[in-house]
Amino acid sequence: NWDKILQLMRDEYDISPVGYETWLKPLQVESVDEDNHIVNIVIMDPKIETIGLNFIKKKYSFVLQISIEEVTGFKCTVHFYSKGQADTIKEPELPEVKDSSLMTIMQNANLNPKYTFDTFVVGSNNKMAHAAALAVAESPAEIYNPLFIYGGVGLGKTHLMHSIANFILKNDPSKRIMYVTSEKFTNELIDSIRNKNFTTATQFREKYRNNDVLLVDDIQFIIGKESTQEEIFHTFNTLHEAKKQIIISSDRPPKEFETLEDRLVSRFEWGLTVDIQSPDYETRMAILRKKEEMDGYNIDNEVIKYIANNIKSNIRELEGALTKVIALSKLDNKEINLDLAEEALKDFISPNQDMEITPETIINVVADHYKCTPADLISSKRNKEIVIPRQIVMYLCRSMTDCPLQMIGKYLGGKDHTTIINGIKKITKQLDTDENMKTTIDVLKKKINPT
Ligand code: ADP
Ligand code: MG
């Protein structure tokens with residue numbers, strides 16, 4: 001059965017060959033505790049014991065659990081041990097491994113290696129924010145603390161924040177850095193109060209206070225959440241007093257946080273506040289060129305101009321438009337020209353695009369939120385990382401649009417309407433009991449419809 005389980009994991013859950021060889025092959029079942037539904041698993045490879053234990057736990061526990069359940073029908077939690085410690089129950093968190101690669105460090109800090117200063121196009125709309133970000137990256141905690149970046153959706157705040165963190169880590173991999181969205185911060189705080197996932201309040205605090213650089217993205221979502229505000233306030237004070245860098249982003253300037261406590265607002269203003277505006281035509285062109293170059297295409301100037309002329313408000317949409325044109329050309333096997341671009345973007349550029357919320361918007365926002373692609377959501381992949389966001393799309397389409405069930409199914413790559421109903425039910429049910437899901441749905445709704 002164990003072989004079957006491993007095989008299932010490899011085949012169904014997109015585990016790369018090298019990932020399979022390195023992490024899954026050395027695993028063996030040590031014992032099964034039927035009464036408590038626990039499967040104890042030993043890692044048989046001393047070379048990966050230290051790095052592997054944490055990594056496997058984080059990345060594969062869940063997949064392993066569902067695979068075991070799928071093959072044997074046995075619902076369980078898995079516990080991992082390294083060989084030398086098979087008898088003693090280890091603390092879930094191991095100390096940081098010093099010499100792990102930069103990639104691992106970035107992963108632990110929740111950083112996206114693709115978002116760097118190199119890939120960030122500087123234009124008149126973001127010049128100031130870019131300069132401030134670079135300055136902070138070059139001398140953290142020395143000049144602007146906190147750095148507060150604000151601006152509308154899809155204008156590059158998150159990109160800039162990751163750029164700072166990636167830059168600092170490249171220069172000094174020993175720096176402790178943590179990136180978090182205020183949504184995740186809130187959810188982890190709730191979990192730590194309830195003592196789920198072995199995280200205690202102390203562990204939670206350490207995770208966020210014990211850093212050289214803390215980045216909190218989309219801070220506006222703490223509005224109305226008392227305990228999160230309180231925790232942010234103390235985290236801020238601890239870090240600031242210890243001369244550690246804090247970087248915050250938001251959709252509005254601190255002054256416009258009407259309902260936020262003054263003491264928090266005033267702290268946000270202690271350092272430097274910079275904004276990012278919508279990109280002008282030149283910047284839009286430059287961003288499209290950069291993206292085209294990075295993806296290895298050479299697209300006719302007329303087409304780039306057409307996109308830059310028609311998609312104005314938001315860089316995420318600008319990128320989305322280019323991707324769509326490229327996708328259509330591949331799909332129809334046609335060359336990229338103006339006709340094709342018009343065809344590809346006809347929904348994007350509809351005159352009354354202003355207000356209406358469409359399933360497409362919802363799919364894009366959810367994909368962005370969960371760091372997957374719209375294609376993943378439309379696919380029939382069954383891994384948890386995709387299934388839940390897909391069900392969330394179903395739920396949001398139902399509650400935010402007039403779209404009939406069948407149509408929602410169509411937007412999601414032709415799923416039948418019972419699948420859609422089940423998805424909606426699942427999320428609705430979860431909302432009754434799961435605070436985290438509530439926060440997430442809340443955040444997503446605001447992202448989809450900011451007004
Ligand atoms: P925000 O956090 O403000 O909503 P993001 O940082 O997520 O926006 O940016 C949305 C998308 O646009 C990302 O894919 C990002 O890489 C891209 N982007 C934004 N600004 C720039 C820029 N100046 N140069 C290149 N790409 C950009
Ligand atoms: Mg963002």
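As for segment 110-127, it holds no residue that is more than 13 Å from ligand 1 (Cβ to nearest atom), more than 21 Å from A242 (Cα to Cα) and part of a helix (DSSP H, G or I). Whenever a residue of segment 322-335 is within 13 Å of V303 (Cα to Cα), its partners that are hydroxyl-bearing (S, T, Y) and outside any helix (DSSP H, G or I), lying with C-beta atoms within less than 9 angstrom and at least six residues away or across chains, give the pairs L322/Y297; I326/Y297. Among the residues of segment 212-227, is any at pLDDT 95 or above, farther than 25 Å from K127 by Cα and buried (at least 16 other Cβ atoms within 10 Å of the Cβ)? For segment 212-227, residues at pLDDT 95 or above, farther than 25 Å from K127 by Cα and buried (at least 16 other Cβ atoms within 10 Å of the Cβ): present. Taking first residues from segment 229-243 that are within 17 Å of I219 (Cα to Cα) and partners that are among the hydroxyl-bearing types (S, T, Y) and in a helix (DSSP H, G or I), the Cβ contacts under 7 Å between residues at least 6 apart in sequence or on separate chains come to T235/Y208.
Is it true that some residue in segment 248-261 is at pLDDT below 90, touching a Ser or Thr at 6+ places or on another chain (Cβ under 7 Å) and either within 16 Å of ligand 2 (Cβ to nearest atom) or not in a helix (DSSP H, G or I) (or both)? Break it down stepwise before answering.
To start, the set of residues in segment 248-261 that are at pLDDT below 90 comprises 255-261.
Still in the list and also touching a Ser or Thr at 6+ places or on another chain (Cβ under 7 Å): none.
For segment 248-261, residues at pLDDT below 90, touching a Ser or Thr at 6+ places or on another chain (Cβ under 7 Å) and either within 16 Å of ligand 2 (Cβ to nearest atom) or not in a helix (DSSP H, G or I) (or both): absent.
Only residues that are among the basic types (K, R) and more than 17 Å from I247 (Cα to Cα) were counted in segment 166-215, giving 4.
The residues of segment 119-129 that are surrounded by 21 or more Cβ atoms within 10 Å (Cβ to Cβ) and over 18 Å from E319 (Cα atoms) amount to a single one, A129. As a summary of the residue check, I149 satisfies the conditions (1) under 22 Å from V265 (Cα atoms); (2) in contact with a His (Cβ under 9 Å, 6 or more places away or on another chain) except for the one numbered (2).
Quick one: in segment 133-158, of everything that is within 16 Å of ligand 2 (Cβ to nearest atom) and of a type in the set (S, T, Y), which residue is farthest from R252 (Cα to Cα)? Give the derivation first.
We begin by selecting, within segment 133-158, every residue within 16 Å of ligand 2 (Cβ to nearest atom); these are 133, 147-158.
Right, trim to of a type in the set (S, T, Y) and you get 150, 158.
Details: Y150: 5, T158: 14 Å.
This residue is T158.
Scanning segment 195-216 for residues that are within 16 Å of ligand 1 (Cβ to nearest atom) and in contact with a helix residue (DSSP H, G or I) (Cβ under 7 Å, 6 or more places away or on another chain) turns up at least one hit.
This table checks each residue for (1) of a type in the set (K, R); (2) without any contact (Cβ under 8 Å) to a residue 40 or more places away in the chain; (3) touching a Lys or Arg at 6+ places or on another chain (Cβ under 6 Å).
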{"position": "P113", "(1), (2), (3)": "no, no, no"}
{"position": "A131", "(1), (2), (3)": "no, yes, no"}
{"position": "N145", "(1), (2), (3)": "no, no, no"}
{"position": "N166", "(1), (2), (3)": "no, no, no"}
{"position": "T181", "(1), (2), (3)": "no, no, no"}
{"position": "N211", "(1), (2), (3)": "no, yes, yes"}
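Can you find a residue that is of a type outside the set (F, W, Y), more than 16 Å from ligand 2 (Cβ to nearest atom) and within 27 Å of F117 (Cα to Cα) anywhere in segment 374-384? Checked segment 374-384: at least one residue is of a type outside the set (F, W, Y), more than 16 Å from ligand 2 (Cβ to nearest atom) and within 27 Å of F117 (Cα to Cα). Listed by position, the helices (runs of 4 or more DSSP H) enclosed by segment 348-433 that each have at least 2 residues that are over 30 Å from M9 (Cβ atoms) are 359-369, 384-400, 405-411, 417-433.
Restricting the first member to segment 381-409 and to residues that are crowded, with 17+ Cβ neighbours inside 10 Å, and the second to residues that are part of a helix (DSSP H, G or I) and basic (K, R), the beta-carbon pairs closer than 8 Å and six or more apart or on different chains are Q391/K426; L396/K445; M400/K445; L405/R398; I408/R398.
Which members of segment 302-341 meet the condition of being part of a helix (DSSP H, G or I) and farther than 26 Å from K157 by Cα? Within segment 302-341, E302, V303, A327, L328, S329, K330, L331, D332, L338, D339, L340, A341 qualify. What is the one condition in (1) surrounded by 14 or more Cβ atoms within 10 Å (Cβ to Cβ); (2) free of Cβ contacts under 8 Å to residues at least 24 places away in the same chain that D432 does not satisfy? D432 satisfies every listed condition except (1).
Just so you know, in segment 410-427 the residues that are in contact with a helix residue (DSSP H, G or I) (Cβ under 7 Å, 6 or more places away or on another chain) and more than 19 Å from A375 (Cα to Cα) include one that is surrounded by the most Cβ atoms within 10 Å (Cβ to Cβ), and it is I427.
If you go through segment 346-371 and keep only what is at pLDDT 90 or above and among the hydrophobic types (A, V, I, L, M, F, W, C), you end up with I362, I363, V365, V366, A367.
Summed over segment 279-316, the residues that are surrounded by fewer than 19 Cβ atoms within 10 Å (Cβ to Cβ) and within 16 Å of ligand 2 (Cβ to nearest atom) give a count of 3.
Based on this model, can you work out whether L405 counts as touching a His at 6+ places or on another chain (Cβ under 7 Å) and either at pLDDT below 90 or over 20 Å from N314 (Cα atoms) (or both)? It would help to see each step written out before you state the result.
Numbers: touching a His at 6+ places or on another chain (Cβ under 7 Å): yes; either at pLDDT below 90 or over 20 Å from N314 (Cα atoms) (or both): yes.
So L405 fits the description; yes.
Return yes or no: is T186 among the hydroxyl-bearing types (S, T, Y), away from ligand 1 (no atom under 16 Å from the Cβ), under 23 Å from R263 (Cα atoms) and without any contact (Cβ under 8 Å) to a residue 40 or more places away in the chain? No; evaluated as a whole, the condition is false for this residue. For segment 132-158, what are the residues that are surrounded by fewer than 20 Cβ atoms within 10 Å (Cβ to Cβ) and within 15 Å of ligand 1 (Cβ to nearest atom)? Residues satisfying the conditions are L134, G152, V153.
The values are calculated or read from the model by the stated rules, or taken from the named source; none is laboratory data. Everything numeric in this text was worked out from a predicted model, so none of it was measured. When we count neighbours, we look across all protein chains shown, and the Cβ atoms used for this are built from the backbone with ideal geometry, even at glycine.
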